[in-house]
1. Calculated from DSSP H runs of 4 or more alone, at -39500 (n - 2.57) each and per residue, what is the 222 nm mean residue ellipticity of the chain, nearest 500?
2. Using the number of other C-beta atoms within 10 angstrom as an exposure proxy, rank L248, L182 with the fewest first.
3. Where in the chain lies the longest segment free of trypsin sites (Lys or Arg not before Pro) that are both loop residues by DSSP (not H, G, I, E, B) and have at most 13 other Cβ atoms within 10 Å?
4. Using the Karplus curve 6.51 cos²θ - 1.76 cosθ + 1.60 with θ = phi - 60°, work out ³J(HN,Hα) for each residue of the range 250-256 in order, rounded to whole Hz, and write x for Gly and Pro.
5. Say we join alpha carbon atoms closer than 10 Å with springs in a Gaussian network model of the chain; which of E109, E309, E71 then has the biggest fluctuation?
6. Report, by chain and number, residues whose modeled amide H sits under 5 Å from the one on T51, excluding near sequence neighbours (fewer than 5 apart, same chain).
7. Using the Karplus equation 6.51 cos²θ - 1.76 cosθ + 1.60 (θ = phi - 60°), what ³J(HN,Hα) coupling, rounded to whole Hz, does each residue of the range 348-364 give in order, writing x for Gly and Pro?
8. So, how do all the Cα-to-Cα distances of the range 20-372 break down into 20 Å bins, in percent, from 0 on up?
Amino acid sequence: MAADLRHLRFPLSASRGRRYPEPDHPYRNAFQRDRDRIIHTRAFRRLENKTQVFTPGLSDHFRNRLTHTIEVAQIARTVAGVLGLDEDLTESLALAHDIGHPPFAHAGEEALDRCMRSFGERFDHNLHALRIVESFERRYAAFPGLNLTFEVREGIVKHSRDLEPGGAAELAEYLPGLRPPLEAQLIDPADEIAYNTADLDDACGAGLIETGEIAGAVDCFARFLRPARARYPEADERVVFHEALRALFDWLVSSLIEGTRARAEEAGAADHEEVRRHPRRLASFTEEGREAIRALKAFLKERVYDSPELIAERQRSQQMIRRLFDYYLHDTNRLPEPYRSQAARQPPQRVACDYIAGMTDPFFKRTYRTVFG
Ligand code: MG
């Protein structure tokens, strides 16, 4: 195994620490405690009932946002371990990366964002995740939220994009203009490996696509399907599919490891500070891996996400979100506590948005039925 990137690991001793100082724990370090705090939140448990791509309940085998999160954590932790980075920081960020997701996956996020844009505001699941860990989770008497370390909060905000200097005032403390630590940079590509491979699997399971069709459109899949078919000519088509998918998955993870190593070497970064100051992110697939991800995304968009079945479902859920949002907006006394009292201090659209964003898919549907019959 080639050299690791231990010199770029974020040292726990360099952590900017917690907002409210706490005594050390006898046997768990700060990033391990953050991971554990995230696992014990209500927001984390709600991931089980949030859609990844296919509605939970239609099949017992589709990913939901919780199982997707566990897959991302598995990939990110493996890569961090091979590269000699901090696995606990990486795992905390992977487990938190989707806790700000509203019901109905990206359709839900788009719908809430559109609702908020009519007030000149935005809905963004990363910022919502920050609000969850900073204030919505009420588990400690001494402080609001989870009192996570700075690096975990920063990683939540920056896991999928950097912050530009001069952006939102509420994010000014999270070092705009600087890259996050390498551990945080791994989450986005790990997420891409997880959902692109999982969506192929679930879409096959749903009967939307077939093995041969994927191979016809996506070279990187065909490359692994051919030898799998040749080696197991008697095997079931679904098993051959899994042989190919597993090989592709493994190759993508290796591509992320190799690509990150190559970029770090090219950048000549000496330590975690230089990772931050480098003009672009160092976590990256190899060029071949990037091309494979592009091809997978294009195929999935055309054949799965934009399939008539999923489009129809997306439109239905977006209309329902708009309608429930307007219902609460019209009269915030219709909100339950603590949102109702929050409405005294915050604009009604923000409170309505926060309430809906926290809902699971089934809770949203129950609420919608209760309200509109
Ligand atoms: Mg994700």
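1. Values: 18 runs with 217 residues, N = 373.
It comes out at -18000 deg cm²/dmol, rounded to the nearest 500.
2. Values: L248 24, L182 27.
Result, fewest neighbours first: L248, L182.
3. Numbers: sites that count: R16, R28, R122, R138, R139, R161, R280, R345.
The longest such stretch corresponds to 162-279.
4. Result, rounded to whole Hz: 4, 5, 5, 4, 5, 5, 5.
5. Looking only at E109, E309, E71, the biggest GNM fluctuation is shown by E309.
6. Sorted by chain and number, the residues that satisfy this are F104, A105, D361.
7. x, 5, 5, 5, 4, 5, 4, 5, 5, 4, x, 6, 7, 4, x, 5, 4
8. Values per bin, smallest distances first: 27, 57, 16, 0.
Readers should treat all values here as calculations from the given coordinates under stated rules, not as data from a laboratory. Note that the structure is a prediction, hence the values are computed from the model and not measured. Please note: Cβ atoms are built from the backbone with ideal geometry, for glycine as well, and neighbour counts cover all protein chains shown.
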